[in-house]
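The structure appears below as structure tokens.
All of the numbers you see were taken from the coordinates with simple rules; none came from a lab. Bear in mind the structure is a predicted one, so any value in this text is a computation, not a measurement. Glycine gets a Cβ as well: all are built from the backbone with ideal geometry, and neighbour counts include every protein chain shown.
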Ligand code: UDP
């Protein structure tokens, strides 16, 4: 199989590239390096089945050529990270909506299968846990920047499903819950790499709000395996799937675990949401996926538990700190 991965140098995209190569497939990765990083794919550059293009998917002639050369498109290129979304809403909305429009339109010309990666953010403020795919989406008002991300991703889902229903383009929609692991960086707000970095460098660990909010963290290796398996299943076409872990942890507890596993002297401090993000910021108290639909179709563990996940991020960041630098 020849797979095009948009956002192929990103955190999840680079792991998916690696995984597909291991399975014997050809990978074409495209990334504009806006949030992706060339370092993520350095080890793949010499692989005979790996091809990469540094460009934006908004460059239609280039993207068209890549779509034509592949059998399936994994569309991961997007603006991600709550911090980035709050700080750059125009970029978030435009990248997420235009990018997906382009991919679907191009894929439709030759009916290439497209796997869309959406997000658990689309469940918004829903209170009924666990979140399952047919639940209502409960989003906040348009003057609160955070919701633009969920809304842009919901539009992507609508568009993908519309292409399936109206034009018979084979699409699979996935909603990724909190996905973590090596290569994820804290610059765009993600909590685990942020805590690990803070703990390893001995600075204050910043828990936003009172830390009682909880998340379920899945390791990226489990997530990319699920993406691949879904792409292989005929029955997945035209459907939406949650992908994530069901192991829930409060953010304060996560900070404590990271602190203890790194034997850090860092102090855990509480930062009000208004200061961490923006005035009136709304966070979700809990977010747990119902993964029964996913598990009814593919074999899915997930294999890694929270301790193993945290350890993998600590090992990765320790190696980075110990690596020799040019300066
Ligand atoms: N968070 C935190 N400290 C940080 C970064 C994030 O307490 O330095 C919190 C954030 O407010 C949220 C949770 O950790 O409640 C998960 O944040 P992340 O951005 O990783 O993912 P989200 O679930 O918000 O998409």
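Based on what the data block shows, is residue 186 near the ligand (Cβ under 10 Å from one of its atoms), free of Cβ contacts under 8 Å to residues at least 24 places away in the same chain and surrounded by fewer than 21 Cβ atoms within 10 Å (Cβ to Cβ)?
yes
Name the single residue, out of those in the range 189-205 being part of a loop (DSSP other than H, G, I, E, B) and touching a helix residue (DSSP H, G or I) at 6+ places or on another chain (Cβ under 7 Å), that is nearest to the ligand (Cβ to nearest atom). Before you say what the answer is, go through the steps one by one.
Of all residues in the range 189-205, those part of a loop (DSSP other than H, G, I, E, B) come to 189-190, 202-204.
Then drop every residue that is not touching a helix residue (DSSP H, G or I) at 6+ places or on another chain (Cβ under 7 Å), which leaves 189, 204.
On the way: 189: 4, 204: 10 Å.
It comes out as 189.
Could you check residue 297 against (1) in contact with a strand residue (DSSP E or B) (Cβ under 9 Å, 6 or more places away or on another chain); (2) over 19 Å from residue 216 (Cβ atoms); (3) exposed (fewer than 13 other Cβ atoms within 10 Å of the Cβ) and say which number it fails?
(3)
Take the conditions within 16 Å of the ligand (Cβ to nearest atom) and in contact with a strand residue (DSSP E or B) (Cβ under 7 Å, 6 or more places away or on another chain) and apply them to residue 313. Does it pass? Steps first, answer last, please.
Working: within 16 Å of the ligand (Cβ to nearest atom): yes; in contact with a strand residue (DSSP E or B) (Cβ under 7 Å, 6 or more places away or on another chain): yes.
Here the answer is yes, as residue 313 does meet what is asked.
For the range 291-325, which positions are assigned to a loop (DSSP other than H, G, I, E, B) and over 30 Å from residue 240 (Cα atoms)?
Residues of the range 291-325 assigned to a loop (DSSP other than H, G, I, E, B): 291, 298-305, 323-325.
Scanning the range 291-325 gives 323, 324, 325.
Any residue in the range 153-173 that is touching a residue at least 40 places away in the same chain (Cβ under 8 Å), within 12 Å of the ligand (Cβ to nearest atom), closer than 25 Å to residue 88 by Cα and surrounded by 19 or more Cβ atoms within 10 Å (Cβ to Cβ)? If you could, list the steps in order and put the result at the bottom.
So the first thing to find is which residues in the range 153-173 are touching a residue at least 40 places away in the same chain (Cβ under 8 Å), and the list is 153, 155-157, 159-161, 163-165, 167-173.
With within 12 Å of the ligand (Cβ to nearest atom) added as a condition, the list becomes 153.
Checking the rest, the ones that are also closer than 25 Å to residue 88 by Cα come to 153.
Those left that are additionally surrounded by 19 or more Cβ atoms within 10 Å (Cβ to Cβ): 153.
Scanning the range 153-173, I find at least one residue that is touching a residue at least 40 places away in the same chain (Cβ under 8 Å), within 12 Å of the ligand (Cβ to nearest atom), closer than 25 Å to residue 88 by Cα and surrounded by 19 or more Cβ atoms within 10 Å (Cβ to Cβ), so the answer is yes.
Anything in the range 254-290 that is part of a helix (DSSP H, G or I), surrounded by fewer than 16 Cβ atoms within 10 Å (Cβ to Cβ) and free of Cβ contacts under 8 Å to residues at least 40 places away in the same chain? List them, or say none.
Across the range 254-290, the qualifying residues are 260, 274, 275.
Can you say whether residue 169 is out of contact with any helix residue (DSSP H, G or I) (no Cβ under 8 Å at 6 or more places or on another chain) and assigned to a loop (DSSP other than H, G, I, E, B), as far as the supplied structure shows?
On the way: out of contact with any helix residue (DSSP H, G or I) (no Cβ under 8 Å at 6 or more places or on another chain): no; assigned to a loop (DSSP other than H, G, I, E, B): yes.
No.
Tell me which residues, restricted to the range 109-146, are part of a helix (DSSP H, G or I), in contact with a strand residue (DSSP E or B) (Cβ under 8 Å, 6 or more places away or on another chain) and touching a residue at least 60 places away in the same chain (Cβ under 8 Å).
The answer is 120, 123.
Is at least one residue of the range 91-114 out of contact with any helix residue (DSSP H, G or I) (no Cβ under 7 Å at 6 or more places or on another chain), on the phi < 0 side of the Ramachandran plot and within 15 Å of the ligand (Cβ to nearest atom)?
no
Can you tell me which residues in the range 206-222 are within 8 Å of the ligand (Cβ to nearest atom) and either buried (at least 22 other Cβ atoms within 10 Å of the Cβ) or outside any loop (DSSP other than H, G, I, E, B) (or both)? Before you say what the answer is, go through the steps one by one.
As a first pass, look at the range 206-222 and keep what is within 8 Å of the ligand (Cβ to nearest atom): 206-209, 211, 213, 215.
Result: 206, 207, 208, 215.
Consider residue 227 against the criteria (1) crowded, with 23+ Cβ neighbours inside 10 Å; (2) within 29 Å of residue 282 (Cα to Cα): it satisfies all of them except one. Which criterion is unmet?
Result: residue 227 passes all but (2).
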